[in-house]
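What follows is one structure encoded as structure tokens, with my remarks underneath.
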Amino acid sequence: MAKKYWDEKFEIMNESDMKAWQLQQLKQTVAWVYERVPFYKKAFDNAGVKPSDLQKLEDIAKFPFSVKTDLRDNYPFGLCAVPMSDVVRIHASSGTTGKPITGPYTAEDLNQWADLMARGLWAQEVRPDSILQNAYGMGLFTGGLGFLQGAMRIGCAVVPSGAGMTERQIMLIQDFGTTALCCTPSYCLTIIEKAEKMGIDFRKTNLRTGHFGAEPWTVEMRTEIEARSGIHAYEHYGLTELMGPGVSFTCEYYNIHINEDHVLPEIVDPGTLEPVDLGEEGELIFTSLQRRAMPMIRYRTRDICALRRDKCECGRTLITMDKILGRSDDMMIISGVNVFPSQIETVLMEFEEVEPLYQIRLRKKGYIDHIGVETEVKAAVYQSGQETLDNLCKKISSRIQQVIGINVPITILPPETIERSIGKAKRIIDER
Ligand code: ADP
Ligand code: K
Ligand code: ZN
């Protein structure tokens, strides 16, 4: 019989065993960086803590945080804990927000990463007889090679199509009988839109699962993808600083399980940096537990979500995280209200007339930030006259007012105006 879990030992480990495992790994990792990375030695010394202060898991709270600028200040390899002779690969972030973040790996780091990717993909129905089309960008970005290695570990037939050339993606799905599609959720929507224009229904192909990640997307967006393609839309989450994708993955119940045998999660209040309770929203913090080339200690991801330890029907005991509300970098303060693009997305997706395409224009009037939301509507709706469109804009505005509490003007752009994403969609156009 085929196994249900890729790594049963850790995926269904009970909480106390997991905590014991985490503590043991944590002690080793903290000592590892203290001895090898001057940045951490100095940071620990300044905070008056030493690796031996770590007696129980909660003691992690005594250790200093690390942030993106620490990586930038030590660019490119200042936080690397091993000599280059032990590094076998170096990835870098796509640089959404400035200079790239580097990610060096030892051979064992790569091995573990591949295994974690296999764990997630296995939970998402990928098997040796799957045909997996990997449309994440190949190269420096961790997405492409991360998914490739995980799929190879399972032994499925990988089609490394890379990002872009959308018509060719659709041809490959049809001709090769692709069963699993890996890409960003926004690129999947680009592919679906193009297929619809070509008169192709993915329900009539072998495509069954999508493995989406690398950017925030709402439940409403996921539902739209599933309704328009007939696939089950699974999710992956990760960041270059912590290896890339492979930090967490959804099971069939859409719960996002964190690979907590490899990364220790915490949630803190982004203002006070004090830990918050399970179920409470805050900034996600991770400490590497097994990585050796560049272990991160209490790394502030700037991603906002909550952690939960609820029982999941899939049987996995791995802690879960809520869907990411957004990055704190993308948080806008409008009329004193904190707004994330995902909140706008949720409202827009309530409207059947609206396409899942939008951008938020951020402007300054005097000292105050204002936003305007631009979206596209279905072609038929667009042709139905200015009055209809004006009414629709009013309806969307008043719904945003009701849900988020701010007044936002809506502009409906002509079809095909908003740039179609092949990777991470750009939601905010900052004109300040
Ligand atoms: P960059 O910072 O250049 O985008 P990364 O590829 O390392 O480089 O991006 C990691 C970030 O992408 C995460 O911190 C998070 O903000 C976002 N991300 C990745 N996966 C998801 C996901 N499933 N849901 C929401 N956001 C995600
Ligand atoms: K195979
Ligand atoms: Zn589950």
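The values are calculated or read from the model by the stated rules, or taken from the named source; none is laboratory data. Model, not experiment: these values are computed from the prediction. Cβ sites come from the backbone with ideal geometry, for glycine too, and all protein chains shown count toward neighbours. In case anyone asks, the SASA skips ligands and DNA or RNA and just uses the protein heavy atoms, side chains included. Shrake-Rupley method; radii C 1.70, N 1.55, O 1.52, S 1.80 Å.
Observations on the model:
- Among the candidates T190, T178, residue that is open to solvent by less than 50 Å² (accessible area, probe 1.4 Å), in the same structural domain as R316 (by TED's automatic domain parsing) and either within 28 Å of P100 (Cα to Cα) or away from ligand 2 (no atom under 16 Å from the Cβ) (or both): T190
- Taking residues in region 143-155 that are closer than 10 Å to L121 by Cα, and partners anywhere that are among the β-branched types (V, I, T) and crowded, with 19+ Cβ neighbours inside 10 Å, the pairs with Cβ atoms closer than 9 Å and at least 6 places apart or on different chains are F147/V158; G150/V126; A151/V126; A151/V158; I154/V126.
- Every residue from region 121-149 that is within 16 Å of ligand 1 (Cβ to nearest atom) and assigned to a loop (DSSP other than H, G, I, E, B): Q124, A135, Y136, G137, M138, G139, L140, F141
- The one condition in (1) open to solvent by less than 10 Å² (accessible area, probe 1.4 Å); (2) within 16 Å of ligand 2 (Cβ to nearest atom) that Q149 fails to fulfil: (1)
- Selection within region 372-387 - loosely packed, with under 14 Cβ neighbours inside 10 Å, of a type outside the set (A, V, I, L, M, F, W, C) and assigned to a helix (DSSP H, G or I): Q386, E387
- Residue count for region 295-330 satisfying the condition of being at pLDDT 95 or above, acidic (D, E) and under 20 Å from G213 (Cα atoms): 2.
- When residues in region 292-344 are screened for being closer than 26 Å to L110 by Cα, open to solvent by less than 40 Å² (accessible area, probe 1.4 Å) and among the hydroxyl-bearing types (S, T, Y), 3 of them pass.
- Going through (1) open to solvent by 30 Å² or more (accessible area, probe 1.4 Å); (2) under 30 Å from F39 (Cα atoms) one by one, G282 falls short only on (1).
- Any hit, region 29-48, residues being surrounded by 14 or more Cβ atoms within 10 Å (Cβ to Cβ) and in contact with a strand residue (DSSP E or B) (Cβ under 7 Å, 6 or more places away or on another chain): yes
- Selection status of L148, more than 16 Å from ligand 3 (Cβ to nearest atom) and within 15 Å of T240 (Cβ to Cβ): no
- Members of region 263-279 that are open to solvent by 20 Å² or more (accessible area, probe 1.4 Å), within 16 Å of ligand 1 (Cβ to nearest atom) and in contact with a Gly (Cβ under 8 Å, 6 or more places away or on another chain): P270
- Residue check for T317: away from ligand 3 (no atom under 16 Å from the Cβ) and among the polar types (S, T, N, Q): no
- Residue match in region 251-260 (condition: in contact with a Phe, Trp or Tyr (Cβ under 9 Å, 6 or more places away or on another chain), open to solvent by 40 Å² or more (accessible area, probe 1.4 Å) and in a loop (DSSP other than H, G, I, E, B)): yes
- Any chance A114 is modelled with pLDDT of 95 or more, aliphatic (A, V, I, L, M), open to solvent by less than 30 Å² (accessible area, probe 1.4 Å) and part of a helix (DSSP H, G or I): yes
- Checking each residue in region 388-403 for being open to solvent by less than 20 Å² (accessible area, probe 1.4 Å) and in contact (Cβ under 8 Å) with a residue 40 or more places away in the chain picks out L392, I396, I400.
- Those helices (runs of 4 or more DSSP H) of region 1-82 in which at least 3 residues are of a type in the set (D, E, K, R) and over 26 Å from T272 (Cα atoms), considering only elements entirely within it, cover 8-11, 15-36.
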